[in-house]
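The values are calculated or read from the model by the stated rules, or taken from the named source; none is laboratory data. Computed from a predicted model, the values in this text were never measured in an experiment. Positions of Cβ are backbone-derived with ideal geometry, glycine not excepted, and every protein chain shown enters the neighbour counts. For accessibility, only protein heavy atoms count, side chains too; no ligands or nucleic acids. Shrake-Rupley method; radii C 1.70, N 1.55, O 1.52, S 1.80 Å.
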Amino acid sequence: MMSLSETLFARAKKVMPGGVNSPVRAFQSVGGTPRFIRAAKGSKIYDADGIEYLDYIGSWGPMILGHGNREVEAAVMQAVGNGLSFGACTEQEVQLAELVCQHIPHIEMIRMVSSGTEAVMSALRLARGYTHRDKVIKFAGCYHGHSDSMLIKAGSGALTFGSPDSAGVTKGAVADTLSAKYNDLDSVEALFAHNKDKIACVIVEPVAANMGVAVPKEGFLSGLRELCDANGSLLIFDEVITGFRLCFGGASQFFSVTPDLVTYGKIIGGGMPVGAYGGKREIMEHVSPLGPVYQAGTLSGNPIAMAAGIATLRYLLNHPEVYDKINSLAQYMVDEIRKLTTYTVNHIGSLFSLFFTKEAVYDYDGALKSDTAKYAVYFNRMLQHNIYMPPAQFEAVFIGNAHTRDDVDYTIQTIGNILKEDMQ
């Protein structure tokens, strides 16, 4: 007899490409049937068949407070009572912008959008408009959403232009996107040298979390800051994952490196469909209607998303112990996993990744050495024990405030049994 998830997936494949609205959900890299989620509470999610799973994805990061936080839910329900969408200015968007600007010194002005992809796309346009330059440096393995210019893979050498990494993306769309190697300042410096006075900005995930977790080496981020300053280019931190998660001030505060622009994703809206980009006033004043860089959106500053974001960020400000808890819980979990295996575990704050390689992983090339077939076995065995890990090797595990020591101990024990039985 088919499970309800299997039945739903069969129906979905008839009306949606691959049966999903985002590719990683299809479980293609791990095999099996994706679970269709009906509900979530605390550290748990429940599929269409009513099966409970320990959730280590948290909607890919923004559910830092756990599912169904009472303060966030109450704020959302109150906002819903006033209407779902106006396409006009609201007090909530002002409140959220003030909250961010008051507590994050390098954000002097901010613009709300509807997704992390839109935030990155807009920030890149702003960087080009502000500098009057066309070229952008990104890093192989860093993901910045699915806008055309960011969908490239590394070329044959560090000095080559990127080639499209998706059908439908033209060579012209990525002609001005240069690809460097994460954690390798020499590759960045070489691109600057070969494109003098042409590079508008460098965009980076300060902690790479879309090749699995890759932590910046000492001096890498500060080195990017120095290279950008020396060449008159902007530095953009893509904090869709790290923003408000490593600490309230994100990677900039965590590493004491100040970017010119920052992009945020769902966490700024408590998990709702939202994003934002912000930075120095002098740069942000180039955005329309003040300046010549156009960007607009009917759903930007949606009142429901703003209410969820205000409640989430206020909770984090009023309960700074959240960061101590999730970071120490993640550290404990990683320390125990490392006792169980010689495979590589990368970790920072409340993020980590288990790579099925015994070599160090500092960049995309290192991540690609992980045995994805072993990861697929590991994922499915964890799922059988009601633990929902990322359905792809190259994603991060997220610890949230709703996770308990009992949750983590059960997970560690399960990982140990699986590694001992199947994986070594």
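Using a/c under 1.5 as the rounded threshold, could you call region 81-223 rounded, prolate or oblate? The axes a ≥ b ≥ c are square roots of the C-alpha gyration tensor eigenvalues, and prolate needs a/b larger than b/c, oblate otherwise. Prolate is the answer for region 81-223, as a/c is 1.5 or above and a/b outweighs b/c. For residue 110, no residue whose modelled amide H falls within less than 5 Å of its own remains once neighbours fewer than 5 places apart on the same chain are excluded. Amide H to amide H distances under 5 Å link residue 139 with 180, where only residues 5 or more positions off or on other chains count and H is placed in the peptide plane. Labels on offer are [x] 25, 56, 18, 0; [y] 26, 59, 15, 0; [z] 21, 46, 21, 10, 1, and the one holding P(r) over Cα pairs in 20 Å bins from 0, in percent computed from this structure is [y]. Whole-Hz Karplus values for region 133-146 come out as 10, 9, 8, 10, 9, 10, 10, 4, x, 7, 10, 10, x, 9 Hz, taken residue by residue from phi with 6.51 cos²θ - 1.76 cosθ + 1.60 and θ = phi - 60°; glycine and proline positions read x. Value of Rg to Rh for region 20-70, rounded to two decimals, is 0.98; Kirkwood radius and Rg both from alpha-carbon coordinates. Using a Gaussian network model on the chain with a 10 Å cutoff between Cα atoms, which of 302, 21, 210 fluctuates the most? Comparing 302, 21, 210 in the GNM, the peak value goes to 21. Normalised radius of gyration (Cα atoms, divided by 2.2 N^0.38 Å) for region 1-102: 1.39. Label-to-label distance for residue 89 and residue 28 is 4.5 nm, based on points extended 7 Å past Cα in the beta-carbon direction.
Binning all Cα-Cα separations of region 277-366 at 5 Å, short to long from zero, yields these whole-percent fractions: 3, 10, 12, 11, 11, 11, 12, 14, 9, 5, 2, 0.
Taking a straight Cα-Cα cut-off under 21 Å and skipping sequence neighbours fewer than 8 places away in the same chain, the lysines within cross-link reach of residue 198 are 135, 138, 153, 171, 181.
For the chain, the solvent-accessible area works out to 43 Å² per residue, with a probe of 1.4 Å and every protein chain left in place. Take the Cα of residue 198, step 7 Å toward its Cβ, do the same at residue 132, and the gap between the two points is 1.8 nm.
Build a GNM of the chain with springs between Cα atoms under 10 Å apart, and of 208, 276, 360 the one that fluctuates most is 360. Within straight-line reach of residue 325, meaning a Cα separation under 24 Å, sit the following lysines at least 8 residues removed in sequence or on another chain: 41, 44, 266, 339. Under the membrane-span-like helix rule (DSSP H runs whose alpha carbons stretch at least 27 Å along the helix axis, mean Kyte-Doolittle hydropathy -0.5 or higher), the chain yields 321-340.
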